[in-house]
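Data first, discussion second: the structure below is written as structure tokens.
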Amino acid sequence: MPRPSTKESLLNRSVSSFVLLAALSFAPLGAQDLVAGKPAPALHIAKWVKGEAVAELKKDHVYVVEFWATWCGPCIAGMPHLSEVQKHHQGAVTVIGVTNEDESNQLEDVEAMVKEKGDTMAYTVAWDDAGKTNKAWFEAAGQDGIPCCFVVDKTGTIAWIGHPMWLDVILPDVLAGKVDVKALAEKPAAVELRLQRVFLAAQVKPQTAIEEAAALCKEYPFLATQVDMGLLSFFVAAEDPSLAWPIGERAFTRAVASKDASVLNGIAWTIVDPEGSCKKPNLELAMKAAAKAVELTTRKDPSILDTLARVHACKGEWDLAIAVQKEAVALIPEEATEAREQYEGTQKEYEAKAKAKAAGK
């Protein structure tokens, strides 16, 4: 099973906008026998976990074949977007999430996740037949990071290969029959350049960045959360962070609507990160974002509980900070030694500060 296209760990809540952009447009690392412009291989599926079986890739229909795994954080984060793609293009496009067995990705794990995700995983899900599909598609294309998707046009030809975030940029042309593989390959880079300009402007001309971001998100609504989180990270560091809070509130509202605990956690951590540069934190926004993230994950994600504990600590609510941090520590696997030590260290920090407060120091 391939590695994820962005690194995730218990302690990793967010990445800089530029690192995120690099991850979203990764290039193939291996030899390429399958490239855009070549016929799509057959699908070899042992079990259709969700949705109707796709016996063959029919002509005059568009398919998105995505490779993913249950352990891949970016894959999970992208599931609501894939569901929206399927809903928006119902009848014209079939989205198929293909996954195969490895030591951390078993059929029962996939079936449990499909059941848990419900409508946020509203597309066809397939269990590979002994890795045959993975080999014929993913490995043949020289890919080495997931999530990764292949867009198959109406002629049964691979039109584009890349990160599923860019489907909203790619699919309109494919559905219209405008399949120029070179032009399609260049489209994400052009949008990415505009994103980079927004974030560069945020550092020197904040109002210009806001205006350019609004224009970009109007044209490509799927970028709204990424743009808002990028701008939030820049604006919270300002001497006057007032521009950050309307953006944070907007991102909060969108994340609640989509039940995106990862984004909610990111909003809170951006505000309270002890290694961050937020000088005047909006603890009300941080608290409601962290609390909602904890609710959505049913208090089972240690990194999200750790964020909520940090918000309580920033508010001087030491007893609550300690209690929540203890919950987080209890969820860290014994074998995750480094993470456990860091979480326990944070707990001790809160206990020391609670003791000092009780002593009137």
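The values are calculated or read from the model by the stated rules, or taken from the named source; none is laboratory data. Note that the structure is predicted; figures quoted are calculated from it, not measured. No Cβ is skipped: glycine too gets one built from the backbone with ideal geometry, and neighbour counts run over all protein chains shown. Surface accessibility is based on the protein's heavy atoms, side chains included, excluding ligands, DNA and RNA. Shrake-Rupley method; radii C 1.70, N 1.55, O 1.52, S 1.80 Å.
Annotations for the structure displayed:
- Point-to-point label distance, Ala257-Asp60, nm (Cα→Cβ direction, 7 Å offset): 3.6 nm
- The listed residues Cys75, Cys217 rank as Cys217, Cys75 when sorted by accessible area, largest first, using a 1.4 Å probe.
- The fraction of accessible area contributed by carbon and sulfur in the chain is 52 percent, rounded to a whole number (1.4 Å probe; ligands and nucleic acids excluded).
- Averaging the Cα positions of each part gives two centres, and for region 108-126 and region 145-194 these lie 25 Å apart.
- The Cβ shell under 11 Å around Leu184 holds other residues with a net charge of -1, Lys and Arg each +1, Asp and Glu each -1.
- Glu249-Leu193 FRET efficiency (beta carbon distance; Förster radius 25 Å; 0.05 resolution): 0.30
- On Cα atoms only, tilt of 224-235 relative to the major axis of the chain in degrees: 30 degrees
- Derived scalar couplings between HN and Hα for region 294-305 equal 5, 4, 5, 9, 6, 6, 10, 10, x, 5, 6, 4 Hz in order, rounded to whole Hz, by the Karplus curve 6.51 cos²θ - 1.76 cosθ + 1.60 (θ = phi - 60°), x for Gly and Pro.
- For region 45-130, applying the loop criterion from DSSP together with a ceiling of 16 other beta carbons within 10 Å to the GluC sites (Glu not before Pro) yields Glu52, Glu56, Glu103.
- Three-way shape label, region 58-155, alpha-carbon gyration tensor, a/c 1.5: oblate
- With a threshold of 23 Å on the Cα-Cα distance, the over-threshold entries among Lys58/Lys218; Lys300/Lys348; Lys87/Lys292; Lys59/Lys218 are Lys58/Lys218; Lys87/Lys292; Lys59/Lys218.
- Taking Gly73, Gly156, Gly316 as the candidate residues, the one with maximal mean-square fluctuation in a Gaussian network model of the chain, Cα springs under 10 Å, is Gly316.
- Mean separation of Cα contacts under 8 Å, 6 or more apart, over the residue count of the chain: relative contact order %: 15 percent
- Reduced Cα scattering model of region 245-361, Debye log10 I(q)/I(0), q = 0.12, 0.16 Å⁻¹: -0.42, -0.73
- Distance histogram for region 168-302 (every C-alpha pair counted, 5 angstrom bins, percent rounded to whole numbers): 2, 10, 18, 18, 17, 14, 9, 7, 4, 2, 0
- The chain: Cys lacking any partner C-beta under 4.7 angstrom: Cys148, Cys149, Cys217, Cys278, Cys314
- Local electrostatic count at Asn100 - Lys and Arg +1, Asp and Glu -1, tallied over other residues with Cβ under 10 Å: -2
- Value in Å of the Kirkwood radius, where the chain supplies the Cα pairs that are averaged: 21.8 Å
- Rg over Rh, two decimals, region 182-224 (C-alpha only, Kirkwood Rh): 1.03
- Considering helices alone, the calculated mean residue ellipticity of the chain at 222 nm is -16000 deg cm²/dmol, with DSSP H runs of length four and up weighted by -39500 (n - 2.57) and normalised per residue.
- Solvent exposure of region 132-247, expressed per residue, is 41 Å² of accessible area, with all protein chains present and a 1.4 angstrom probe.
- The label point for Thr298 and the one for Glu52, both projected 7 Å from the Cα toward the Cβ, are 3.2 nm apart.
- Principal semi-axes in Å for region 110-196 [√(5λ), Cα gyration tensor, largest first]: 25, 17, 14
- Accessible area per residue, Å², region 256-361 with all protein chains present, probe 1.4 Å: 52 Å²
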